[in-house]
Structure formats: structure tokens, C-alpha cells
1. Out of Leu313, Leu330, Leu292, which single residue is in a loop (DSSP other than H, G, I, E, B) and among the aliphatic types (A, V, I, L, M)?
2. Is there any pair with a first residue in segment 80-104 that is under 21 Å from Asn334 (Cβ atoms) and a second that is among the basic types (Lys, Arg) whose Cβ atoms are under 6 Å apart and which are 6 or more apart or on different chains, and what are they?
3. Return the residues of segment 315-338 that are without any contact (Cβ under 8 Å) to a residue 60 or more places away in the chain and either open to solvent by less than 40 Å² (accessible area, probe 1.4 Å) or under 25 Å from Cys202 (Cβ atoms) (or both); say none if nothing qualifies.
4. Inspect segment 168-188 for any residue being open to solvent by 30 Å² or more (accessible area, probe 1.4 Å) and of a type in the set (Phe, Trp, Tyr) and give the result as yes or no.
5. In segment 110-124, which residues are closer than 22 Å to Met221 by Cα and open to solvent by 10 Å² or more (accessible area, probe 1.4 Å)?
6. Say whether the condition of being closer than 21 Å to Ala127 by Cα, touching a residue at least 60 places away in the same chain (Cβ under 8 Å) and within 16 Å of ligand 1 (Cβ to nearest atom) is met by at least one residue in segment 194-205.
7. Look through Leu225, Leu244 and report the one residue that is open to solvent by less than 50 Å² (accessible area, probe 1.4 Å) and touching a helix residue (DSSP H, G or I) at 6+ places or on another chain (Cβ under 7 Å).
8. When you check Glu126 against the structure, is it within 16 Å of ligand 1 (Cβ to nearest atom), among the charged types (D, E, K, R) and touching a strand residue (DSSP E or B) at 6+ places or on another chain (Cβ under 7 Å), yes or no?
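The values are calculated or read from the model by the stated rules, or taken from the named source; none is laboratory data. Computed from a predicted structure; not experimentally measured. Note that each Cβ is placed from the backbone with ideal geometry, even for glycine, and that neighbours are counted across all protein chains shown. Note: areas computed on protein heavy atoms with side chains; ligands, DNA, RNA excluded. Shrake-Rupley method; radii C 1.70, N 1.55, O 1.52, S 1.80 Å.
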Amino acid sequence: MIGVTILGSTGSIGLSTLDVIARNPEHFRVVALTANSSDKRLAEQCIKWRPEFAVMVDADATERLQQRLKHAGLPTTVLTGIEGLQQVAALPQVGYVMAAIVGAAGLLPTLAAARAGKRVLLANKEALVMSGQLLIDAISEHGGQLLPIDSEHNAIFQAMPPHHADGLDQVGVRRILLTGSGGPFRTRPLDSFDKILPSEACAHPNWKMGRKISVDSATMMNKGLELIEACWLFATGPERIEVLIHPQSVIHSMVEYCDGSVLAQLGNPDMRTPIAHAMAWPERIEAGVAALDLVEIAKLSFEAPDTGRFPCLRLGFEAAQAGGTASVHLNAANEIAVAAFLKEKLPFTDIPRVIEHTLEAHSVAPVHDIDTVLAADHAARITATAYIAALS
Ligand code: NAD
Ligand code: MG
């Protein structure tokens, strides 16, 4: 029985993780569940799963959760704040930590799991985009494992040969083909982009996800973040990664070898597949995912990405090439711009403007420690916030 902590258990990935655990009760035991402020939903999960620990980040919500669990007569220990998240990420009785908090808020607890030598199941791509080498080094120094949950990176991991960490040339890999659906606005007339509503941006054609990643998919910043994520996970530069638009989201990414072979991982667009893969690796377990019906799908198509339509993708490439704190600035500005867009305080078309302005306003520094990352994140947020205020 492997003890599991789920950071962000009330979110889309958190719910899919609990669904996979429910199908495999002989393998996994829920030790800790966490959420930001949704005390009602976390209480319901605690009543169902009876974890040893529950963490709420928001202080008022922590008190409400305590009351709810007391009423229900549960012995669950309630912790609070970022310290509580770090604590449950490093518990000795936990083997696997699902990192499924959205955004920079997940960075420190994910690092805590890596430093405690856990198997880190990484959905929280922003953590790796921000801390890159620091997270990779923490995993190897403390004897942990980093398994990608993002469907593309999980697909690449599945198509890669063993020992790919030694370098792509050493294992005969020429290129990574990183696929993306193109999001909800792949064919929408460009002259109507300034009218895009949050509800339209959050209506992804193939995936049901949290609101932030849905907007990232609509701007294609998601693919920019994923490009940087792939560079760190597979120890390569952006020049060896090609982004490919594949609207059906059936092929989840591919690896091209020096002999001309291309290996792909296919499946229905359902996050329970990569979650189950990473939780069971190197074995396989049931995920509850319907069998792929290729006759029904009939046609798979591909096209080149359009960076004129989606400037965020270009910005992601540029930050990947610049290295250092550039990706921290990119991520922070994007989080601020997406939050403003979701509150209807910023038009969709201004999201890339805010990011580009923030990238230009800060010089790139090398990242040697977490303090550099946190300072760059803080500074970029101030720049992006001031720029949005000036725009309106
Ligand atoms: P979501 O918004 O549905 O859930 C986010 C979770 O994080 C919730 O449990 C919430 O309580 C918690 N949270 C939010 N802000 C927090 C804070 N400040 N401190 C602590 N906890 C906080 O998001 P999601 O769609 O599940 O995505 C989670 C992560 O997984 C993101 O990084 C996303 O990019 C990545 N991801 C998601 C999908 C998907 O299909 N949903 C696919 C690939 C990658
Ligand atoms: Mg993805």
C-alpha cells in the first residue's frame, strides 16, 4: 500500500487522481488532501477518504474546515498555509505526491516533496517552468522520481527509451514532436479575438480542465509552458522540440529516432490515463478510460502552429531560448494577465502584450537558488500588475 498526498485534491486533476485511486484501493491509500479555500468540497472528500491530514491554505477556510470535520466526528488533523502543504508533501508515510496545485503556489510544496525523496507526479507544470534545474537536482540528490502527468509529457516519457536522462543523442532520439489541439480559437476569425469572453476561453473542445489552464490553452501559452517543461524533463533545448497542431487530441505527443522511426502514444483525451500510468509505472493499472475507437474517430489531422495568431507560443519559445529567470518572468506575467482576463479586467488580446512587456522590462539572470526564483516571480508580478493598471 503506497501512501499518497494530493496537493490540489479539489481541482480537475485532483478529482481524476481520486477516481484512479478508487479503482485501485489495493495499491494506494490517501494520506493527505489539500485545497486553497473550498472548505466544503475538501470536507466532503475527507468524509469519503478519511485522510490523516487535510490542509487549507486560506486561514478562514481552515477554521471552517475544522468545524465541519469536528461535526462529522473525523480524527483528521487539519493544517494550514503553505507550511502545512510542505509538511504533508514530506510525510514519512507518503510515497507518492500528486503535485496538482495550479500556478506558482505549487512551487514550494512540490520542491518539498522532491527534497523528501518522494515520487513526484507532476501536473503543476508552472513549478518546473519556474524552478527548472533546481527541481530536477532536488529529485536526483534525494533519490526521488519525477513522473510527468501533463498528457504530452507523459506520452513522450512513454515513447522514450530507458536511460533518456543520459541525453537524447546517447539514446538515438532526434526530435520530440509536442502536439497540441490548438484550443478553442484555432479557426475563429482573428478580428473577433478582442471580444473573447472568459466562458468561451474556458470551453476547450477536447479537455475539461481548471480555468487557468483552459485560458492558457486558448492563448496557446499552455504549449509555450509545455515546451519549457519538456526541455527540463528530457534534458534538451527548444531546438529539438517541434510543436505540432493536432486538433483531435488522440496522439498525445511523439518521439522521433535517428533511424526515422516515430513512436507515438495514443488514447482518448482523459487525464486518468497519464495519472494511472505515472502512479503504476513501470506496471499498468485500470484507469476507467474508455477504449479508443479509431474507426469512430476516422481521421487524424496535423498542421503547423500559427504564432501570428498565438503570440504567446512565440513568447514561450523566446523564454525557453533565453533560459535563467526568463521563464519565471513569463510564468508570473501570464498568471497575472490570465487572472485579470478571467475577472474581465483585461481583453484576451492584451494577455500577450502584458507578458511581452514584462519580459522586456526585466533582464535575465541565471538561477542558482530558490530565492532568485521567488524574487524574479515577485518583481514580474509587480511589473505586470502595473502595466495592466496603465492599460485600463
Ligand atoms: P484546478 O483549478 O481545477 O484545481 C487547482 C487546485 O489547486 C484546487 O484544488 C485548488 O484548491 C488548488 N489551489 C488553487 N490555488 C491555490 C493556492 N494558491 N494554494 C494552494 N492550493 C491552491 O486546476 P487543474 O486543471 O486541476 O490544474 C492543476 C495543475 O495541473 C495546473 O498546473 C495545470 O496546468 C496542470 N494540468 C492540468 C490538466 C487538466 O486536465 N486539468 C492537464 C495537464 C496539466
Ligand atoms: Mg498538456
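1. The conditions single out Leu292.
2. Here the result reads Val102/Lys212, each pair linking segment 80-104 to a residue that is among the basic types (Lys, Arg).
3. Matches in segment 315-338: Gly323, Gly324, Thr325, Ala326, His329, Ala333, Ile336, Ala337.
4. No, because not a single residue in segment 168-188 is open to solvent by 30 Å² or more (accessible area, probe 1.4 Å) and of a type in the set (Phe, Trp, Tyr).
5. Hit for segment 110-124 is Ala123, nothing else.
6. No: zero hits.
7. Selected residue: Leu225, the only one of Leu225, Leu244 that is open to solvent by less than 50 Å² (accessible area, probe 1.4 Å) and touching a helix residue (DSSP H, G or I) at 6+ places or on another chain (Cβ under 7 Å).
8. In short, no.
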